[in-house]
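*Asks:* Quick one: the structure is below, questions incoming.
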Amino acid sequence: MAAVAVHSADLGEGRPTLPYAEAGRPGRVPLVLVHGYLDSWWTFEPLLRRMPAGLHAYAPTQRGHGDADKPPEGYLPEDFAEDLIAFMDCVGLERAVLAGGSSGGVAARIVAGRRPDRVAGLVLLGVPATLADKPKAAEFWEAVRGVKDPVDPAVAESLLDGLTATPMGRGFMQTVVDETLKAPAHVWRETLRGLLETDLRATLSGILVPTLLVWGDQDPILTREDQQTILDAIPDSRLLVYEGVGHIAYWEDPERVLRDLTAFVADRT
């Protein structure tokens with residue numbers, strides 16, 4: 001198992017301080033793992049502790065989430081994208097492969113479209129083309145819009161229910177719930193509001209870097225047609241379909257995700 005070290009990145013004046021995990025050894029193009037809604041770096045723990053020597057990964061916790069600073073505002077996808085560039089500056093990454101999980105792929109693809117000089121490649125792990133037509137997203141908003149501090153653990157558990165096709169261990173899921181509850185109510189509301197009110201299709205334009213899509217065919221949120229929208233928008237893109245896998249492939253089949261990430265990063269070297 002790989003050693004996972006946790007550090008802190010001060011993004012500078014007016015920006016938050018973010019904890020981040022690091023695993024693997026320097027060598028090839030570094031990999032930056034970008035978590036999704038209400039997660040923290042810990043969501044990538046199944047990948048980080050299996051990190052092969054050929055990969056060097058960083059996994060920052062985004063503003064408002066986990067143990068990161070929690071400013072009162074700044075939760076639009078563009079805010080997270082700007083933090084991502086600032087994080088790369090802080091830890092000295094001139095260029096990296098960005099791998100976004102779920103909604104974390106929105107911030108990653110914004111960076112890829114706007115700053116291709118910083119992005120060697122883009123990996124979208126169960127990332128939506130849009131949320132405007134997703135019934136599950138509307139259900140999430142109904143559950144989240146009225147949350148107050150302290151957030152009820154039952155709400156967190158209900159949002160996570162059914163995201164994977166394979167049941168995860170009770171201890172693992174309890175840690176996921178605990179990490180989710182570190183985000184205060186305003187982060188729950190404003191982050192999801194930002195995702196729902198932003199034209200996510202527009203964030204697909206102008207992406208010219210090589211892009212890999214990973215989608216589980218048992219995903220309860222995203223359809224194959226949704227992934228086709230991304231493929232049609234990004235010229236140099238391809239899709240890997242994981243059969244029998246739900247929304248979070250890096251929980252259910254971390255070994256396969258790592259194999260595919262390793263091959264993708266090797267092609268960018």
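Each reported figure results from applying straightforward, stated rules to the coordinates on display, with no laboratory input. Remember, it's a predicted structure, so these values are computed and weren't measured experimentally. Heads up, the Cβs are rebuilt from the backbone with ideal geometry, glycines too, and the neighbour counts pull from every protein chain shown.
*Asks:* Please state the relative contact order of the stretch 5-268 as a whole percent: Cα pairs under 8 Å, 6+ residues apart? Don't skip to the end; give the middle numbers.
*Replies:* Values: 553 pairs, mean separation 57.0, N = 264.
Relative contact order comes out at 22 percent.
*Asks:* Moving on to the next point. For the chain, take the alpha-carbon Rg, divide it by the Kirkwood Rh, and send me Rg/Rh.
*Replies:* 0.92
*Asks:* Considering only DSSP beta bridges whose two residues both sit in the chain, what percent are antiparallel, to the nearest 5?
*Replies:* Numbers: 11 of 33 bridges.
Beta bridges within the chain, antiparallel portion: roughly 35 percent.
*Asks:* Please report the relative contact order for the stretch 86-156, taking Cα pairs under 8 Å with a sequence separation of at least 6, and give it as a percent rounded to a whole number.
*Replies:* Working: 62 pairs, mean separation 19.6, N = 71.
28 percent.
*Asks:* Taking θ as phi - 60°, what are the ³J(HN,Hα) couplings along the stretch 209-219 by the Karplus curve (6.51, -1.76, 1.60), each to the nearest whole Hz, with x for Gly and Pro?
*Replies:* After applying 6.51 cos²θ - 1.76 cosθ + 1.60, I find 7, x, 9, 10, 9, 10, 9, x, 6, 10, 5 Hz.
*Asks:* If you don't mind, there's one more thing I want to ask. Determine ³J(HN,Hα), in whole Hz, for all residues of the stretch 8-20 in sequence, where each value follows from phi through the Karplus function 6.51 cos²θ - 1.76 cosθ + 1.60 and θ = phi - 60°; x replaces Gly and Pro.
*Replies:* 10, 10, 8, 7, x, 4, x, 10, x, 9, 10, x, 8
*Asks:* Within a 10 angstrom radius of the beta carbon, how do W215, W141, W41 rank from fewest other beta carbons to most? Each step should come with its number before you reach the end.
*Replies:* Numbers: W215 24, W141 15, W41 27.
Result, fewest neighbours first: W141, W215, W41.
*Asks:* Here's another thing I want to ask about it. Looking only at R170, R25, R193, which one moves most when the chain is put into a Gaussian network model with springs between Cα atoms under 10 Å?
*Replies:* Between R170, R25, R193, it is R170 that shows the largest mean-square fluctuation.
*Asks:* Which loop GluC sites (Glu not before Pro) in the stretch 1-107, with loop taken from DSSP, have no more than 11 other Cβ atoms within 10 angstrom of their Cβ? Could the numbers behind the result be given before it?
*Replies:* Values: sites: E13, E22, E73, E78, E82, E94; in loops: E13, E73, E94.
Within the stretch 1-107, the qualifying GluC sites (Glu not before Pro) (loop, at most 11 other Cβ atoms within 10 Å) are E13, E73, E94.
*Asks:* Under the rule a/c < 1.5 gives rounded, and otherwise a/b versus b/c splits prolate from oblate, where does the stretch 147-269 land using the Cα gyration tensor?
*Replies:* Values: a/c = 2.09, a/b = 1.39, b/c = 1.50.
Oblate, since a/c reaches 1.5 and b/c is not below a/b.
*Asks:* Where a ≥ b ≥ c are the square roots of the eigenvalues of the C-alpha gyration tensor, would you call the stretch 203-260 rounded, which needs a/c under 1.5, or, failing that, prolate if a/b is larger than b/c, or oblate? All intermediate terms of the calculation are to be shown ahead of the outcome.
*Replies:* Details: a/c = 2.61, a/b = 1.52, b/c = 1.72.
Here the stretch 203-260 falls in the oblate category.
*Asks:* Additional query: Averaging the inverse of every distinct alpha carbon separation and then flipping it gives the Kirkwood radius. What is it for the stretch 12-115, in angstrom units? Show your work: numbers first, answer last.
*Replies:* Details: mean 1/r = 0.0734 Å⁻¹.
Taking the inverse mean of 1/r over all distinct Cα pairs, the stretch 12-115 comes out at 13.6 Å.
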